[in-house]
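A short worksheet on the structure shown next.
The values are calculated or read from the model by the stated rules, or taken from the named source; none is laboratory data. Source: prediction; values computed, not measured. Quick reminder, even Gly has a Cβ in these numbers, built from the backbone with ideal geometry, and neighbours come from all protein chains shown. Just the protein is used for accessible areas: all its heavy atoms, side chains included, with ligands, DNA and RNA removed. Shrake-Rupley method; radii C 1.70, N 1.55, O 1.52, S 1.80 Å.
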Amino acid sequence: MALALAEARAAGAREEVPIGSVVVCRGETLARAGNRVRGDCDPSAHAELLALRAAARVLGLVRLVDCVLYSTVEPCFMCAGALVHARLRRVVFAVRDPKFGGCVSLGRVLDHPQANHRLEFDEGVLAGESRELLQEFFRARRGDRGDTG
């Protein structure tokens, strides 16, 4: 998750929403990415999808059955669906996304009982750091210095 946070910080420095993801397979880091939605002018350039695509290319496979994806934020429905299609073993995310989260917040894509594949998932790893990074990013975009007066 520390690598995912580094990717999130780099994304924030590029004025992207600071979300980072890393794909690990059998202890080896295959791919890491931060959001590039604005920079690529691509609504699908989420960190999770970019890392997933890169990992698939490294392995030369579309099924990443032994892989784990780490993300600083709960994957959205689009990303969660791609993770299910790729047959990852597990997803670990830091904080929930109450507005778009497709794992627990708004729906249960990863472990839906009618899906043909279910992923294990854990949440809360380095949640404080991830939450703080997001809050700082959006506070700065709003021009909110945290003043109450």
Is at least one residue of segment 21-32 within 12 Å of the chain's Cα centre (by Cα), in a strand (DSSP E or B) and farther than 25 Å from PHE138 by Cβ?
-> yes
So which residues in segment 114-134 are in a helix (DSSP H, G or I) and either closer than 20 Å to ARG90 by Cβ or open to solvent by less than 90 Å² (accessible area, probe 1.4 Å) (or both), if there are any at all?
-> ALA127, GLY128, GLU129, SER130, LEU133, LEU134
Among the listed residues VAL68, VAL84, VAL95, VAL58, which satisfies the condition of being of a type in the set (A, V, I, L, M), in contact (Cβ under 8 Å) with a residue 12 or more places away in the chain and open to solvent by 70 Å² or more (accessible area, probe 1.4 Å)?
-> VAL58
Out of the residues in segment 98-107 that are assigned to a loop (DSSP other than H, G, I, E, B) and in contact with a helix residue (DSSP H, G or I) (Cβ under 9 Å, 6 or more places away or on another chain), state the one that is surrounded by the most Cβ atoms within 10 Å (Cβ to Cβ).
-> CYS103
Could you give me the residue pairs with C-beta distances under 9 Å whose first residue belongs to segment 103-126 and is aromatic (Phe, Trp, Tyr), whose second residue is outside any loop (DSSP other than H, G, I, E, B) and open to solvent by less than 80 Å² (accessible area, probe 1.4 Å) wherever it lies, and which are 6+ apart or on separate chains?
-> PHE121/ARG90; PHE121/VAL91; PHE121/VAL92; PHE121/PHE93
Check whether at least one residue in segment 40-53 is farther than 26 Å from GLY12 by Cβ, touching a residue at least 12 places away in the same chain (Cβ under 8 Å) and either open to solvent by less than 60 Å² (accessible area, probe 1.4 Å) or outside any helix (DSSP H, G or I) (or both), and report yes or no.
-> no
